[in-house]
1. Quick check, is A68 at pLDDT 65 or above and in contact with a Leu (Cβ under 6 Å, 6 or more places away or on another chain)?
2. Just to be sure before I move on: is E78 within 18 Å of D118 (Cβ to Cβ) and at pLDDT 90 or above in the structure I sent?
3. Would you check which residues across segment 44-57 are touching a Leu at 6+ places or on another chain (Cβ under 7 Å) and either under 30 Å from P69 (Cβ atoms) or surrounded by fewer than 13 Cβ atoms within 10 Å (Cβ to Cβ) (or both) and list them?
4. Can you tell me which residues in segment 101-149 are at pLDDT 90 or above and among the small types (G, A, S)?
5. Are any of the residues in segment 157-180 among the basic types (K, R) and modelled with pLDDT under 90?
Amino acid sequence: MPYLEPADYPNYGLPAGTTADWITAATALINSYCRRPDLNIVEYTERLRVVSGARTVMLTYLPLAPLAPSPSPFVAIEGRYANPRRGEVLLEPLAEIVGLFGLPGQWAAIDPSLVDADPANGELTLPWNVFGLPYNEVRVTYTAGLATIGDDVKSACAQIVRNAQATPALNASMSKMDTMWMQYFSSSLLDDTVKAWLNRYVANRLG
């Protein structure tokens, strides 16, 4: 979904005659820079390792946001206790419990209301499982993104179009703007101002 509509063009310094392909290409460039499919609310599923001795994981996509009619951004959370990894030591009483109930490798649903979530940084603090064991892997399905595209994203989109139109190689007469062509010039189109508007939406932990 393009981040600027024709009615927005005058408010963000674009000529009324700007064609939709410029906006579509700029939108695709924004999504590529932010390393996500869309800045609107989208459902994601992540499988995350829990560091030994910890009960927290960090989600990749922010901000967390519910997708109506759900009141919560969490669709499902599952955890499991697998066999200890190399270098990890499981206390003997816990090892007996794990062996008795055959826990390793089995996914169990986690009540999202028992998970402490920080919407600002995407950190989740997990509960202990029913046997008092820490999870060492979780699978989280959640929704994240913007319910309304704000001025920062719209301004970034418009600035990319202006930068592209000011680039001689992109300012040639053509019937349709190619997204891959703009991607080739992304280092110059995504200037420091554009990056400052978008950095808060760049996906965590992906480079």
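1. Numbers: at pLDDT 65 or above: yes; in contact with a Leu (Cβ under 6 Å, 6 or more places away or on another chain): no.
When the stated conditions are applied, A68 does not pass them.
2. Working: within 18 Å of D118 (Cβ to Cβ): no; at pLDDT 90 or above: yes.
Answer is no for this residue.
3. The answer is E46, T56, V57.
4. Across segment 101-149, the qualifying residues are A109, S113, A117, G122, A144, G145, A147.
5. Applying the first criterion (among the basic types (K, R)) to segment 157-180 yields 162, 176.
With the extra rule that they be modelled with pLDDT under 90, the set shrinks to 176.
Scanning segment 157-180, I find at least one residue that is among the basic types (K, R) and modelled with pLDDT under 90, so the answer is yes.
The values are calculated or read from the model by the stated rules, or taken from the named source; none is laboratory data. This is a predicted model, so every value here is computed, not measured. Virtual Cβ from ideal backbone geometry, glycine too; neighbours counted across all protein chains shown.
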